[in-house]
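Okay, so here's the structure we're looking at.
Just so it is clear, none of the values below were taken in a lab; they were calculated from the coordinates. Since the model is a prediction, treat every value here as computed from it, not as a measurement. With ideal geometry, Cβ positions are generated from the backbone for all residues, glycine too; neighbour counts draw on all protein chains shown.
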């Protein structure tokens, strides 16, 4: 009798542990066929995705897993439609290359009219913009003039005072490269980049957020990185301010895509995509204040002075081409 009770208790404990481990991903699912979501998004968009789904009929019907951009991009290119995910949020340029190679995304139903030309399989989700930012206290102590352009960052007085991210490790750096190539052409852009890299020295970071971390603590005065992160710091009272470079504020989009698995395609994936765009985008727009759809209103938001997009289609192949500028 005691052995039976012990066995029942052990089975109950093991079952409870299994249920706990199964719910440890960022979204838990109680259905037999949950929508598996893979994302490279930051914490704030992920929270809005979960909120939108949970409050609009899809609570416990999805499993969400996060990846770095390069990791998820590699999976899309290597695994194609055999990937476990049903719905992905990913940098649009990676998705474009993955689609050209594997034809793995499903054509989307109507989800709103975009301001820029968009592939029929991608619904723009966020917009990442690149700017110069600086530590106001460190600037005063260093007695330096503020740069007005990316090209200014090559000036000798900024040696050791700037931080950028490495384009080989972070797509954030690509925003800087796009601005230079589009404004000055590849030949002059390469010369400017040599000057910027020389001035950055040991302050070339692997992470896109690395430069801002160094600027926050005053280790360097200036940095280049994501605009929304610097604006957030400023609003929260950090000694951070932004400079919109005269070359323009360039952006990269991240989009939502549904994996086309033929008859095995999860039917709820497109429904969830539509809910995310309709319900999450209004809040996400407050974080990334760059309109992507015609009906979006950015009045009252701290938008960039001169938002721009690179004139050529952005692909993983073009990124590789631009990486060669610093080899």
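Can you compute the label reach from residue 197? Point 7 Å from Cα along the Cβ direction, backbone N cut-off under 18 Å, restricted to region 208-223. It comes to 208, 211, nothing else. Pairs of Cα atoms in region 97-205 fall into 10 Å distance bins, from 0 up to the last occupied one, in shares of 12, 33, 26, 18, 10, 1 percent.
Relative to the longest principal axis of the Cα atoms of the chain, helix 172-200 runs at roughly 80 degrees. Of all DSSP-defined beta bridges confined to the chain, some 60% are antiparallel rather than parallel. In terms of Cα atoms, the Rg and Dmax of region 209-272 work out to 19.0, 55 Å. The modelled label-to-label distance for the pair residue 120/residue 77, using points 7 Å beyond Cα in the direction of Cβ, is 2.6 nm. The radius of gyration of the Cα set in the chain, together with its Dmax, comes out at 22.4, 84 angstrom. The largest-to-smallest principal axis extents of the Cα set in region 21-140 are 60, 35, 30 Å. Remark: spin-label model distance residue 187-residue 327 equals 2.1 nm, labels positioned 7 Å along the Cα→Cβ axis.
FRET efficiency for the pair residue 68 and residue 143, taken as 1/(1 + (r/R0)^6) with r the Cβ-Cβ distance and R0 = 41 Å, rounds to 0.60.
Look at 224, 93 and count the other Cβ atoms within 10 Å of each Cβ; fewest to most, that gives 93, 224. Using only the C-alpha atoms, the convex hull of region 203-314 corresponds to 168 Å³ per residue. Taking 7 Å steps out from each Cα toward its Cβ at residue 54 and residue 297 produces label points 2.8 nm apart. Per residue of the chain, the DSSP helices (runs of n ≥ 4 H) give a summed -39500 (n - 2.57) that works out to -12500 deg cm²/dmol at 222 nm.
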